[in-house]
Amino acid sequence: MEPKTLLITGFEPFGTEDRNPSWEAVNALPTCIGDRTLTKLLLPVEFGHAAELALQAAADCRADAILCVGLAAGRTAVTPEAVGLNVRDASIPDNAGYQPAGEPIQADGPAAIFSTLPVRSMVEAIRSAGIPAKLSYTAGTYVCNDLLYTLLHRFSGTPTRVAFVHIPLEKDLPLTDSIAALTAAIGSI
């Protein structure tokens, strides 16, 4: 049986935050969960560039699945994302100073693409671990959504499956719970 490789990504700090629990949680995960070997990748909070790096890493490690993790300030539950939207619209500049307003991510792409990993199963697995979780239908229109949509568009029609999970700030959910939530989500894939 061919080994299963999961590319899992987290982001650097952005905006007014000096830490990003998405990367801290990803970085704290073991190198294997179940039958999956994890390849971890820290991404910049930059439109386009984050997705380029993730695409290169996915090719390098021959990932059969990609799970991206981001920070959703204001949320109090772990939220797997059901859909990526074909739009870049930022209320604050990314870390490179770019602030798009209503631009498409892929000019020839569909308006939305559904996640291809079992996000509902992830929600149930996280809840079963005793951590608040719910399905989300908006990854926003910032870099998280840009990454999700780009990966879904690129891997559409291929065996490589993709999803995105948002975690709350540490004041709303302890980092240990975010780590446990990601472990449960990966175990459900």
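Every number here is computed from the coordinates shown, using simple stated rules; none is lab data. Since we're looking at a predicted model, the values are computed, not measured. Cβ coordinates were reconstructed from backbone atoms using ideal geometry, including for glycine residues, and neighbour counts include every protein chain displayed.
Worth pointing out:
- In a simple Cβ point-charge model (Lys, Arg +1; Asp, Glu -1; nothing else charged), the chain has a dipole of about 540 debye relative to its Cα centre.
- Considering all different alpha carbon pairs of the chain, the Kirkwood hydrodynamic radius works out to 16.2 Å.
- Using C-alpha pairs below 8 Å separated by at least 6 residues, the relative contact order for the chain is 30 percent.
- The GluC sites (Glu not before Pro) found in region 1-63 that occupy coil by DSSP, while having at most 15 further C-beta atoms within 10 Å, are GLU17.
- Simple rule: put +1 on each Lys or Arg Cβ and -1 on each Asp or Glu Cβ in the chain, find the dipole, and look at THR116, PRO93, ILE8; the Cα lying farthest toward the positive end is THR116.
- 5 angstrom amide H check on VAL162, placed H, neighbours 5+ away: ILE66, THR116, LEU117
- Extending 7 Å from Cα along the Cβ direction at ALA107 and again at ASN27 yields two label points whose distance is 3.9 nm.
- Three semi-axes of the equivalent ellipsoid, region 52-134, Cα gyration tensor, whole Å, largest first: 25, 19, 14
- Sequence-distant lysines (8 or more away, or on other chains) whose Cα lies within less than 27 Å of LYS4: LYS40, LYS134
- Ranked SER178, SER128, SER115, criterion: other C-beta atoms within 10 Å, fewest first: SER128, SER115, SER178
- Length-normalised contact order for region 102-189 - Cα pairs under 8 Å, 6+ apart - percent: 46
- As a rough guide to protection, the peptides 55-66, 80-91, 161-172 ranked by mean Cβ packing within 10 Å, highest first, stand as 161-172, 80-91, 55-66.
- Residues whose amide H comes within less than 5 Å of that of GLU12, counting only those at least five positions distant or on another chain, are LEU43, VAL45 (H built at 1.01 Å from N in the peptide plane).
- Calculated mean residue ellipticity at 222 nm for the chain: -9000 deg cm²/dmol, from DSSP H runs with n ≥ 4 weighted as -39500 (n - 2.57), summed, divided by the residue count and rounded to 500.
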